[in-house]
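FYI, it's all coordinate maths here, none of it is from the lab. Quantities reported herein were computed from a predicted structural model and do not represent experimental measurements. All Cβ positions, even for glycine, are placed from backbone atoms using ideal geometry, and neighbour counts span all protein chains on display.
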Amino acid sequence: MARNGKPQLSVFKGREAKLNNAILLVLAIDGPLNIRQVYKRIMAKKDLKHTRYRVVNRRMKALEKEDYIIQVRTERIPQGFLAKLYQPTLRTYLAFAVNRVNFDEFVKSASTSEIITVLAILINTIKK
């Protein structure tokens, strides 16, 4: 757990954290996109300007394998190739939400019914 009371999810940890976050945000905001479109939007960001296409491609394949993004369809692009379009899964939106929650503050300010709900969910995931 990080010092500020927020757990660090593996997708937002380590060397690839900044790029993962950028890819997932681009897909969440702009909808289904192919890898080249995601790459172009990432290149527009000041701190990721020097990111290579192959790195974005590799990260997107890894995110797909981890079930953070999913291929929704293929589309023929003007150059004549078939491009796979990706969009974020519910796991992505949950990761964003969990990443924003400060659990120290949640535990201190949550009502009894909210605590019971969260405990029930956590206990069910621990049993599996």
_Extension gain from Leu90 to Gln71, taking 0.36 nm per residue of separation minus the Cα-Cα distance_ = 5.5 nm
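Mind checking the full-extension length gain between Arg36 and Leu82? Use 0.36 nm per residue of separation minus the Cα-Cα distance, one decimal, nm. Mind dumping the intermediate values first?
On the way: separation 46, 0.36 × 46 = 16.56 nm, distance 1.19 nm.
That pair, Arg36 and Leu82, stretches by 15.4 nm at full extension.
Within the set Lys49/Lys84; Lys13/Lys40; Lys45/Lys65; Lys45/Lys108, which residue pairs have Cα atoms separated by over 30 Å? Don't skip to the end; give the middle numbers.
On the way: Lys49/Lys84 23 Å; Lys13/Lys40 24 Å; Lys45/Lys65 25 Å; Lys45/Lys108 37 Å.
With Cα atoms farther than 30 Å apart: Lys45/Lys108.
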_For peptides 66-74, 18-26, sequence by mean Cβ density within 10 Å, most packed first_ = 18-26, 66-74
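In the neighborhood of Ala83, defined by Cβ-to-Cβ distances under 9 Å, what is the net charge if each Lys or Arg adds +1 and each Asp or Glu adds -1? Let's see the in-between values first.
Working: positive: Arg36, Arg76, Lys84; negative: Glu75.
Once positives and negatives cancel, what remains is +2.
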*asked:* Give me a comma-separated list of calculated 3J(HN,Hα) values for region 67-74, in order, Karplus coefficients 6.51, -1.76, 1.60 applied at θ = phi - 60°, integers in Hz, x for any Gly or Pro.
replied: 6, 8, 10, 9, 7, 9, 6, 10
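Over region 65-119, calculate the relative contact order: mean separation of alpha carbon pairs under 8 Å at least 6 apart, over the residue count, as a percent.
27 percent
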_Using a Förster distance of 30 Å, the FRET efficiency for Ala44-Asn102 (Cβ separation, nearest 0.05)_ = 0.45
*Just the C-alpha atoms of the chain: what Rg/Rh do they give, with Rh taken as the Kirkwood radius?*
1.06
*At what distance in nm do the modelled label points of Lys18 and Glu64 sit from each other, each positioned 7 Å from its Cα along Cα→Cβ?*
2.6 nm
_Rounded to whole Å, give me the distance from the Cα center of region 10-41 to that of region 58-101._
8 Å
*Top mean-square fluctuation among Gln87, Gln79, Gln37, Gaussian network model of the chain, C-alpha springs under 10 Å?*
Gln79
